[in-house]
Amino acid sequence: MRYIPNSAEERAQMVREIGLSDVSDLFRPIPEKFRLREPLRLPPAQAESDVLALFRRLAAENASAGEMTLFLGAGAYHHFIPSLIDALISRAEFYTSYTPYQPEISQGTLQAIFEYQTLICQITGMDVASAALYDGSTALAEAVLMAERLTDRRHVILAATVHPEYRQVVQTYTKTLGFDLTLADYDRETGCLDPTSVRPTPDTAAVVVQSPNFFGGIEDVETLAERAHDVGALLIVVVTEPISLGLLRPPGSCGADIVVGEGQSFGVPLSFGGPYLGLLATREKFVRQMPGRIVGQAFDHQGRRGFVLTLATREQFIRREKATSNICTSQELCALMAAIYLCTLGPQGLREVAFQNLQKAAYLSRRIARLPGFSLRFRHSFFNEFVVRTNRPVNQVLRRLQQEKILGGLALGQFYPELGDCFLVCVTETIPREELDRYVAVLEQETSSS
Amino acid sequence: MRKPEYHVTRSESLIFERSRPGRRAYSLPPLDVPETALEQLIEKRFLRSGPIEGMPELSEVDVVRHYTRLSRWNYAVDLGLYPLGSCTMKYNPKLNEKVARFDGFINHHPYTPEELSQGSLQVIKWLEELLCEITGMKAGTLIPAAGAHGELTGLMLIRACLQSRGNPRKKVLIPDSAHGTNPASATVCGYGVQTIRSNERGLVDVEALRRAMTDEVAALMLTNPNTLGLFEEEIEEIVRIVHDAGGLVYMDGANFNAFLGIARPGDMGIDVIHLNLHKTFSTPHGGGGPGAGPVFVGETLEPFLPVPRLVRTTEGTVRLDFDRPQTIGRIRAFYGNFGVLVRALCYILTLGADGLREVAEAAVVNANYIAHHLKDTYDIPYPGGIMHEVIFSDKWQRPYGVRNVDIAKRLIDYGFHPPTMSFPLIVPGALMVEPTDTECREELDLFIEAMKAIARECRENPDLVRHAPHTTRIGRLDEVTAARKPVLRWRPAEPTSGAEQSR
């Protein structure tokens with residue numbers, strides 16, 4: 001077996017050297033009755049070329065962005081990924097290393113994470129950021145638990161426009177801990193929250209709002225922050241499409257106390273939902289309740305600057321049952337990808353990508369809105385996603401687009417029964433104008449065919 | 001004369017310090033749709049006033065050199081032995097990386113309709129089925145994004161199951177030889193934690209367990225083999241005691257590589273187990289993730305598994321099932337760390353049943369080989385029945401004023417990554433060595449020689465060991481000050497200090 005360097009003979013020799021007669025002697029601690037007599041029922045070992053062919057076949061069964069034009073977003077976005085990212089993260093010194101527990105020989109990862117933390121602070125307008133959580137949804141659940149620790153309250157108001165899967169994850173995480181979750185409904189006209197209808201009480205730990213929200217709409221974060229702060233509650237802002245931060249005011253300057261988000265848009269491939277990257281940033285005074293790893297600056301005896309994992313007392317290492325979170329392995333390689341992406345784009349590039357997303361989404365939405373039988377469902381400012389309402393069956397429309405190699409959007413009825421006649425469309429910088437026009441043309445045919 | 005400041009032996013400045021106004025590393029095609037004024041699309045009060053302050057401006061060469069230089073300051077499995085006990089760093093096959101990057105996988109959107117996602121869904125379902133066979137469990141979920149996420153999921157399943165019987169109960173028993181994340185996971189799941197001590201052989205004290213097992217106990221959370229590298233020989237009795245009192249047995253399967261293909265947790269009566277795919281199934285650790293921590297259960301817990309479940313239809317296709325009335329709900333958006341799952345499946349198919357068994361054999365032989373050759377040099381507090389990892393202590397070196405951390409740092413000078421020292425908590429001055437299956441005899445011999453040389457240095461020149469490492473770019477960093485006065489980000493105004501700050 002080529003991944004095991006020692007040959008069977010070498011191993012047998014080593015066993016004899018240890019003073020045993022057979023390798024099975026080493027497994028004596030496992031009770032005899034539990035030791036397998038038959039080999040596992042698995043497919044036989046395959047040659048590298050056969051494995052490649054097999055997976056090539058499997059990969060080809062998917063309709064990927066390579067062969068379809070993708071208008072799907074909803075928490076996972078198809079952005080252009082500069083070539084240098086894969087080249088750099090494919091360096092074995094990055095991807096085959098472990099958590100940087102030994103700073104003297106892990107400065108590469110540590111410095112990269114320190115820089116990542118800084119970049120996340122800069123784009124969110126917050127003071128401190130953790131070194132990546134699993135993904136946006138679990139980052140939100142962690143933020144809600146963090147808000148409870150900070151306020152000692154267990155009532156949480158969740159906007160109905162927060163990604164439905166994120167809300168479900170929060171529900172799962174808090175169910176056993178006796179949290180009281182309230183849903184703040186969206187305005188049926190605007191598709192955004194009406195801040196005056198969000199009524200936190202002195203028992204409220206946090207108000208959770210997503211912006212741009214699940215329908216793409218930009219929420220009035222500032223007013224919501226004021227309402228939360230009036231009763232001593234925290235405002236948690238969720239960002240599933242952080243490219244928007246290239247144009248939008250950062251949540252930090254709108255009064256957010258904790259910003260969580262999905263960092264996938266920053267150079268991480270779609271990859272059928274993962275691995276992704278949970279962003280979490282907060283204010284300086286809350287740092288000791290922040291979940292996940294943190295890297296800090298340190299100096300050696302000669303005054304040379306280096307970086308170390310720090311504030312680890314919050315984690316499982318010490319006072320384990322008092323740990324603020326159980327997170328151990330997280331997503332450092334994805335954090336590295338995000339850092340490289342942001343450094344490659346720089347402030348100008350991030351703004352330009354965001355600008356193109358906005359302009360292209362606006363263009364397509366205008367053209368769709370002019371088609372008979374189609375309209376924009378909500379009256380709000382949006383970033384790169386918008387909700388289309390149709391007078392024909394949504395699935396029929398999406399299937400029609402599919403026939404033309406277009407994944408046209410996400411049917412909303414599965415998450416919002418009242419929006420059964422609507423679908424969510426996402427446009428990124430990766431879609432050229434001809435494809436936008438072709439999308440409109442297919443919808444046009446669909447209307448004229450009836 | 002000025003030397004190049006970025007030579008690999010020199011400090012690399014922060015990326016922000018390399019920034020120069022006007023440089024750019026990206027290119028975008030020109031906007032090809034008619035442009036609308038920004039403020040017509042988005043209300044002005046929602047817009048940023050200008051580009052983001054402090055973000056670096058760089059050329060492509062700047063970016064590539066910066067990260068390439070940083071990479072050279074990392075130790076990695078591809079460079080040599082990484083004996084981090086219980087963290088398990090084995091070789092990461094290149095084939096897995098290639099397969100995981102196929103366009104059909106990485107450019108596949110999670111909301112693509114089921115009929116157009118069969119490739120990815122088949123990968124997940126197939127891996128789930130193979131891992132059920134390998135663990136001997138009935139069903140599983142591949143959604144948990146890491147081992148600790150799997151722990152939390154497994155405990156939630158236990159809670160939901162006990163709740164359905166009328167009482168979720170109050171606490172979880174955790175042996176003192178468990179992984180550090182176990183108590184934290186129990187706490188996040190709303191359980192109190194009670195520690196069960198180990199006996200003189202380093203195994204769960206069965207009598208202590210019997211006494212602790214009341215109707216308030218929801219579960220025993222057992223790491224097996226435990227962090228002493230020992231298999232819990234009395235597993236059958238342990239399971240019986242917990243079950244008889246109405247509790248459930250959780251197995252932390254982080255060390256499953258020790259008996260892969262030799263025995264199955266399911267056959268031992270384990271109710272729920274999580275695996276760490278990056279440990280047992282060779283997926284890379286990436287400097288701290290992503291990993292994947294799938295959870296497998298027996299019959300009792302199956303109805304409570306998180307949604308979506310993957311179901312094979314009679315036509316052989318795979319569909320997502322959300323209709324599970326007793327489910328704990330959703331534990332993560334979408335379907336987990338899919339890219340990691342592809343790599344693990346690739347590994348299993350490459351090895352087959354015999355190959356997996358050989359992995360366990362090679363790992364256990366290698367650990368025992370190291371133990372055998374160092375047993376007269378370093379104290380082995382629990383020498384009986386060593387499996388995939390061996391735990392030394394610094395007991396024999398302490399009289400010279402040298403601690404485990406010094407020995408570990410000195411190993412760096414000999415070219416190795418240090419072993420784990422945080423566990424097990426019951427061994428003072430622990431050095432937990434796990435060579436894994438993918439190390440050859442010559443590498444093990446080199447390691448053994450280095451450890452012997454350090455032991456000699458401890459006697460003859462302890463100061464040399466105490467101040468190690470001597471060969472790295474930076475010396476030991478002052479972690480105490482770093483934690484007391486945390487500097488967690490760069491700021492433009494921050495004055496930099498230190499001798500080597502360039503420019």
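All of the numbers you see were taken from the coordinates with simple rules; none came from a lab. Because the structure is predicted, anything quoted here is derived from the model rather than measured. Cβ sites come from the backbone with ideal geometry, for glycine too, and all protein chains shown count toward neighbours.
At a glance:
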| read-out | value |
| --- | --- |
| Point-charge dipole on Cβ atoms (K/R +1, D/E -1) for the protein assembly as shown, about Cα centre, debye to 20 | 1460 |
| Along principal axes, Cα extents of segment A:355-450, largest first, whole Å | 33, 26, 21 |
| Relative contact order (percent, whole number), chain A, Cα cutoff 8 Å, 6+ residue spacing | 19 |
| GNM flexibility winner over chain A from A:Leu42, A:Leu84, A:Leu70 (Cα, springs under 10 Å) | A:Leu42 |
| Segment B:429-456 and segment A:338-375: distance between their alpha carbon centers, rounded to Å | 54 |
| 19 Å tail of the calculated P(r), segment B:36-163, as % of Cα pairs | 77 |
| Farthest positive-ward along chain B dipole, Cα basis, beta-carbon charges - from B:Met268, B:Ser49, B:Asn257 | B:Ser49 |
| Percentage, to the nearest whole number, of Cα pairs in chain A over 42 Å apart | 26 |
| Rounded to 5, percent antiparallel among DSSP beta bridges of chain A | 55 |
| Environment charge of A:Arg57, counting only residues whose C-beta is closer than 14 Å and scoring Lys/Arg +1, Asp/Glu -1 | -2 |
| Per-selection Kirkwood Rh - the protein assembly as shown (Cα, Å, 1 d.p.) | 28.5 |
| Ratio Rg/Rh [Cα only; Rh per Kirkwood] for segment B:200-265 | 0.97 |
| Helix-derived mean residue ellipticity, 222 nm - over chain B, DSSP H n ≥ 4, -39500 (n - 2.57), to 500 | -10500 deg cm²/dmol |
| Helix-only mean residue ellipticity at 222 nm for chain A, each DSSP H run of n ≥ 4 adding -39500 (n - 2.57), per residue, nearest 500 | -11000 deg cm²/dmol |
| Quotient of Cα Rg and 2.2 N^0.38 Å for segment A:162-311, N being how many residues it contains | 1.19 |
| Segment B:235-312 versus segment A:21-99: alpha-carbon centroid distance in Å | 19 |
| Of A:Ala45, A:Ala92, A:Ala256, the one that fluctuates the most in a GNM where chain A has Cα springs shorter than 10 Å | A:Ala45 |
| Unit charges at the beta carbon, dipole of segment A:18-61: most positive-side option, A:Ala60, A:Gly19, A:Pro31 | A:Pro31 |
| Gaussian network model of chain A, springs between alpha carbon atoms under 10 Å - residue of A:Phe355, A:Phe307, A:Phe55 with greatest fluctuation | A:Phe55 |
| 5 Å binning of all Cα-Cα separations within segment B:392-503, expressed as whole percents from 0 upward | 2, 10, 17, 18, 17, 13, 8, 8, 5, 2, 0 |
| Kirkwood-type radius of segment A:82-125, with distances r between different C-alpha atoms, in Å | 11.7 |
| Candidate lysines for bridging to A:Lys33, where Cα separation is under 25 Å - those fewer than 8 sequence places away on the same chain excluded | B:Lys138 |
| Computed FRET value (nearest 0.05) for B:Glu39 with A:Asp185, which takes r as the C-beta separation and R₀ as 25 Å | 0.30 |
| Shielding by other protein chains, A:163-172, mean Cβ within 10 Å | 4 |
| Whole-number percent relative contact order across chain B, with pairs defined as alpha carbons under 8 Å at least 6 apart | 18 |
